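> One structure follows; several queries about it will come next.
The values are calculated or read from the model by the stated rules, or taken from the named source; none is laboratory data. Please read all numbers here as calculations on a predicted model, not as lab measurements. For neighbour counting, all protein chains shown are included, and Cβ atoms are generated from backbone atoms with ideal geometry for every residue, glycine included. Side chains included, ligands, DNA and RNA excluded: accessible areas come from the protein's heavy atoms. Shrake-Rupley method; radii C 1.70, N 1.55, O 1.52, S 1.80 Å.
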Amino acid sequence: MIKLLSRFYEPYVWQIALALVFLFGQAMCELYLPNVMSDVVNRGMMQGDIHYITSKGVIMLFVTLAGSIFSVVASFIAARIAMSFGRDCRDELFTKVEGYSLNEFDKIGTASLITRTTNDITQVQNFLVMAFRFMLYSPIMCIGGFIMAYSKNHSLIWILFLSVFILLAIMVLVARNVVPLFQVMQKKVDKLNLTMRESLTGIRVIRSFSKMEFERVRFMEANGELTQTAIKVNRIMAVMQPIMMLIINFTTLAVVWFGGIKISQNTMQIGDMMAFMQYIMTILFSIIMVAVMFVMIPRAQVSSGRINEVLDVDSEIKDPLHPKKLNEDKIKLAFNNVGFSYTGAEQPALSNISFETNCGEITAIIGGTGSGKTTLLNLITRFYDVSEGSITLNDVDIREISQDTLRGKIGFVPQGPVLFSGTVTDNIRFADKTASMEEVEQAAKVAQAYDFISKMPQGFDSDIAQGGTNVSGGQKQRISIARAVIRKPEIYAFDDSFSALDLKTDAQLRAALKSEILNSTVLIVAQRISTIMDADRIIVLEDGKIVGIGKHDELLRDCTVYKEIVASQFSEEELK
């Protein structure tokens, strides 16, 4: 908790100091009132001095009003600090996660990252609001209350010590039982979020296989586990409250009993006993508030630990301290004995990959499932870093170039096209916010998306649903390709981006692309031979290794793996 708070406290130092001033003022007002009440009872009411009672009453009204103002302002500042902390923490967390490599995403998990950014930060926010109101306020009240109670009658102070000792013992016992449960609870929240997220994103698959009941049961299990853990925590809390109230009532009884004896012996006045009782109640209620905070602390501590885990991740993908600049020459991309292994994998995903592609050339990559085609493209964009060898642009290692510079030169179309909620224009302009409407339309024409976009109800201003669920797979692919085209990058990376297109649209799109890629390097991952047979270079992968490289005719003659792929898609007559 302290580690997390230390990350963000600097902007709020003066606000914290101001909150302490108002809390101190509130405490002084509340500690002053019982003392005045004692004087009113001892002197005014016992002696019938109406003028004294009136004057003290006016003072008490002003003190009460001042205490209320201090309380409101202190609460406002506390809430402002807590909410601002939550804002900054979420911003830092989101920024940190944006810099993660795909490997780090896999380690923590998307569902857990969502929980940490929302639920965990909310837990810390709620704790901070309560902490400023009670953890800073209660010690002032306890110390001030003890001094004032001691000044009224020090012989009854043992009652306070006994009550405080019992309360503290209960707090320690509760904390020992609650801390492990809160740790379990946050993990159950992660599991519940994971189950719900999978069910919502996979709703089409679930319905197509009629697995709604299975998913309902799976959700009920995750929900039930979280519920049972929460019930255990609340049972402990339910027992805690009446026990504390019982202690307070017994303390009140003890003060009245022993105070009455002293009054009968003329060693204590009635007003002093009433004030003593008020001060003890103030102290005990302050301790109870701290006890409530101690119940919140374990959960906030667990949440802050989970947030720190995200913030403390040392990202594998880092910008160099002194990034190199690429010269303005046309881009030359080279793989030099590149090898790569996923964390925990027994076999490398890529081994000894070497090839070179120049500006204006199309390099196609083909191979069986799991041969490493997508991994190869992910290395170019530095979603992962190579384990062996190097990837260079114009003879400069991409690890020596800033990520912004590198990715600014790449137009990437992923295997699973991703669209964002907004209009068609917003999605195409995602790669270049400054693009004109003419450029948007031209990019759509190149991607063979212009015709179907024009037929949509509002054309380019038509809304795209979250995840692009209101357009077909082929339409999503073409909009994604248009998004890459509008960027006019030096490197195009198409990861099986033509798979959902019919052969006619595929051919038209490739023909339109030729005029756009004259000054660019193009890498195409594909399964269809018709998509890549005209490429300047075809790389054939098998088990993460290059088993063939060359043009279509050369590979058809010399590469067995390529011949098998071609034979699976064309008949002998078509090959002739």
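> Checking the structure you have, find out if any residue of region 28-37 is modelled with pLDDT of 80 or more, within 47 Å of the chain's Cα centre (by Cα), part of a helix (DSSP H, G or I) and aliphatic (A, V, I, L, M).
The answer is yes; a qualifying residue exists.
> Take the residues in region 64-78 that are surrounded by fewer than 17 Cβ atoms within 10 Å (Cβ to Cβ) and not aromatic (Phe, Trp, Tyr); name whichever of them is nearest to TYR32 (Cα to Cα).
Among those that are surrounded by fewer than 17 Cβ atoms within 10 Å (Cβ to Cβ) and not aromatic (Phe, Trp, Tyr), it is THR64.
> Counting only residues that are touching a residue at least 24 places away in the same chain (Cβ under 8 Å), give me the helices (runs of 4 or more DSSP H) lying completely in region 477-576 with at least 3 of them.
Those helices (runs of 4 or more DSSP H) span 503-514, 529-532, 560-569.
> Anything in region 426-459 that is open to solvent by less than 10 Å² (accessible area, probe 1.4 Å) and either touching a Leu at 6+ places or on another chain (Cβ under 7 Å) or outside any loop (DSSP other than H, G, I, E, B) (or both)? List them, or say none.
ASN427, ILE428, VAL440, ALA443, ALA444, VAL446, ALA447, ILE453
> Out of curiosity, is ASP88 modelled with pLDDT of 75 or more, acidic (Asp, Glu) and part of a helix (DSSP H, G or I)?
yes
> Determine whether PHE94 is at pLDDT 85 or above, within 28 Å of the chain's Cα centre (by Cα), of a type in the set (Phe, Trp, Tyr) and in a helix (DSSP H, G or I).
Here the answer is yes, as PHE94 does meet what is asked.
> Being open to solvent by 60 Å² or more (accessible area, probe 1.4 Å) and closer than 17 Å to THR118 by Cβ is the filter here; which residues of region 186-234 pass it?
Hits for region 186-234 are LYS187, LYS191, LEU194, MET196, ARG197, LEU200.
> Further question: Give me a count of the residues in region 376-404 that are under 13 Å from LEU523 (Cβ atoms) and part of a helix (DSSP H, G or I).
5
> Now for a different question. Failed condition for PHE161, given (1) open to solvent by 100 Å² or more (accessible area, probe 1.4 Å); (2) touching a residue at least 12 places away in the same chain (Cβ under 8 Å); (3) closer than 29 Å to THR252 by Cα, with all others met?
(2)
Each row is one residue, and each column tells you yes or no for (1) among the aromatic types (Phe, Trp, Tyr); (2) surrounded by fewer than 20 Cβ atoms within 10 Å (Cβ to Cβ); (3) under 22 Å from ARG407 (Cβ atoms).
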site: ILE247; (1), (2), (3): no, yes, no
site: THR251; (1), (2), (3): no, no, no
site: GLN278; (1), (2), (3): no, no, no
site: ILE288; (1), (2), (3): no, no, no
site: MET293; (1), (2), (3): no, yes, no
site: SER303; (1), (2), (3): no, no, no
site: LYS318; (1), (2), (3): no, yes, yes
site: ASN327; (1), (2), (3): no, yes, yes
site: ALA334; (1), (2), (3): no, yes, yes
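> Here's a follow-up. Restricting attention to region 468-485, which residues are open to solvent by 10 Å² or more (accessible area, probe 1.4 Å) and among the β-branched types (Val, Ile, Thr)?
THR469, VAL471, listed by residue number.
Each row is one residue, and each column tells you yes or no for (1) in contact with a strand residue (DSSP E or B) (Cβ under 6 Å, 6 or more places away or on another chain); (2) of a type in the set (Val, Ile, Thr); (3) within 21 Å of VAL36 (Cα to Cα).
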site: ILE236; (1), (2), (3): no, yes, no
site: LEU246; (1), (2), (3): no, no, no
site: THR251; (1), (2), (3): no, yes, no
site: GLN269; (1), (2), (3): no, no, yes
site: MET277; (1), (2), (3): no, no, yes
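> If you don't mind, there's one more thing I want to ask. Of everything in region 498-519 that's small (Gly, Ala, Ser) and over 14 Å from VAL413 (Cα atoms), which residue is most open to solvent (accessible area, probe 1.4 Å)?
Among those residues, the one meeting the criterion is SER515.
> Within region 307-346, track down each residue that is of a type outside the set (S, T, N, Q), outside any loop (DSSP other than H, G, I, E, B) and within 34 Å of the chain's Cα centre (by Cα).
ILE307, GLU309, VAL310, LEU311, VAL338, GLY339, PHE340
> So is VAL124 touching a Gly at 6+ places or on another chain (Cβ under 9 Å), of a type in the set (Val, Ile, Thr) and crowded, with 18+ Cβ neighbours inside 10 Å or not?
Judged against the criteria, VAL124 is a match.
> Note down all Cβ pairs under 6 Å where the first residue falls in region 192-217 and is over 18 Å from ALA465 (Cα atoms), the second is surrounded by 12 or more Cβ atoms within 10 Å (Cβ to Cβ) and among the small types (Gly, Ala, Ser), and they're at least six residues apart or on different chains.
Once the first residue is over 18 Å from ALA465 (Cα atoms) and sits in region 192-217, its partners that are surrounded by 12 or more Cβ atoms within 10 Å (Cβ to Cβ) and among the small types (Gly, Ala, Ser) give LEU192/ALA222; ASN193/ALA111; LEU194/ALA111; THR195/ALA222; GLU215/SER199.
> In region 462-474, which residues are more than 16 Å from PHE430 (Cβ to Cβ) and either assigned to a helix (DSSP H, G or I) or in contact with an Asp or Glu (Cβ under 9 Å, 6 or more places away or on another chain) (or both)?
ASN470, GLY473, GLY474 - these are the residues of region 462-474 that are more than 16 Å from PHE430 (Cβ to Cβ) and either assigned to a helix (DSSP H, G or I) or in contact with an Asp or Glu (Cβ under 9 Å, 6 or more places away or on another chain) (or both).
> With ASP536, ASP543, ASP495, ASP558 as the choices, which residue is farther than 18 Å from ILE362 by Cβ, modelled with pLDDT of 85 or more and either of a type in the set (D, E, K, R) or surrounded by fewer than 14 Cβ atoms within 10 Å (Cβ to Cβ) (or both)?
Just a single option satisfies the conditions, and that option is ASP543.
> Sticking with this one: Of all residues in region 343-383, which are open to solvent by 20 Å² or more (accessible area, probe 1.4 Å) and of a type in the set (Phe, Trp, Tyr)?
Across region 343-383, the qualifying residue is only PHE383.
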